[in-house]
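Data block below; observations after.
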Amino acid sequence: MENPDVSGDNANGVKQKLGNVMHSKQVHVISMCLLVLDAIFVLLLLFVDLDVIPVSGDGENHSKKEEVENGLHYTGLTILSLFMLEIMLKIIADGSSFFKKKLEVFDAAVVLVSFVLDIALSLSRVSSLVRDIVILMILLRLWRFFKLLVNVNIFVRKDIQNQIEAERELRTQAEKERDVALEKLKQAEEQCQRPVVIVGDDKNEPT
């Protein structure tokens with residue numbers, strides 16, 4: 001029978017490794033790139049829907065505008081799915097501490113509601129009221145630009161902190177090497193200050 005303590009330690013180890021991955025520099029960079037792409041597609045979808053970017057012509061079954069909107073919509077939905085995966089992995093890794101971060105919780109709520117509305121919009125034809133709500137959610141998703149700035153700030157601060165820690169370690173190592181060198185120099189000086197005794201052969205003087 002498996003020891004429950006061992007199982008708990010293994011689970012904690014997996015959560016710790018997952019947390020290290022989710023909060024790593026590489027994941028932050030990927031998340032920031034996805035945020036930029038999401039904002040671009042959201043703005044394009046909004047501009048096409050409001051005819052800021054005119055799209056004319058007819059396709060085989062739908063108008064060109066509908067085809068462009070559908071393409072942008074499904075692309076954004078794919079990115080939202082990746083954000084949903086990121087949020088679930090962070091909740092697994094951080095546990096209850098995730099819900100103590102108000103910005104992260106609000107961001108997760110925005111992503112979840114946007115994802116549900118996008119799925120509903122994909123599965124059925126919607127009224128103008130629902131479409132207006134979706135546009136509102138699109139605008140709300142743009143707030144994530146603020147999160148992008150926050151992530152960049154965190155990323156830069158961590159990088160600076162890592163550089164400071166590296167310089168501190170180098171300085172500590174240099175001080176240790178200096179102390180060792182001074183100790184050796186002191187020992188050498190003490191050795192030089194000792195009287196030198198010359199031992200030679202005794203010779204008989206002539207009488």
Checking Asp132 against (1) farther than 25 Å from Asn20 by Cα; (2) modelled with pLDDT of 70 or more; (3) exposed (fewer than 14 other Cβ atoms within 10 Å of the Cβ), the condition it does not meet: (2)
Where a residue in region 23-46 is over 18 Å from Glu104 (Cβ atoms) and its partner, wherever it lies, is surrounded by fewer than 18 Cβ atoms within 10 Å (Cβ to Cβ) and of a type in the set (Ser, Thr, Tyr), with Cβ under 7 Å and at least six apart: Phe41/Thr75
Condition met for Lys176 (modelled with pLDDT of 85 or more and among the basic types (Lys, Arg)): yes
First in region 63-77 and under 13 Å from Asp49 (Cα atoms), second anywhere and assigned to a helix (DSSP H, G or I), Cβ under 6 Å, 6 or more apart: Val68/Val48; Glu69/Val48; Leu72/Phe41; Leu72/Leu44; Leu72/Leu45
Residue ID - nearest to Leu35 (Cα to Cα), chosen from residues in region 99-126 that are at pLDDT 80 or above, charged (D, E, K, R) and in a helix (DSSP H, G or I): Asp107
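The values are calculated or read from the model by the stated rules, or taken from the named source; none is laboratory data. A quick note: this is a predicted structure, and the numbers were derived from the prediction, not measured. All Cβ positions, even for glycine, are placed from backbone atoms using ideal geometry, and neighbour counts span all protein chains on display.
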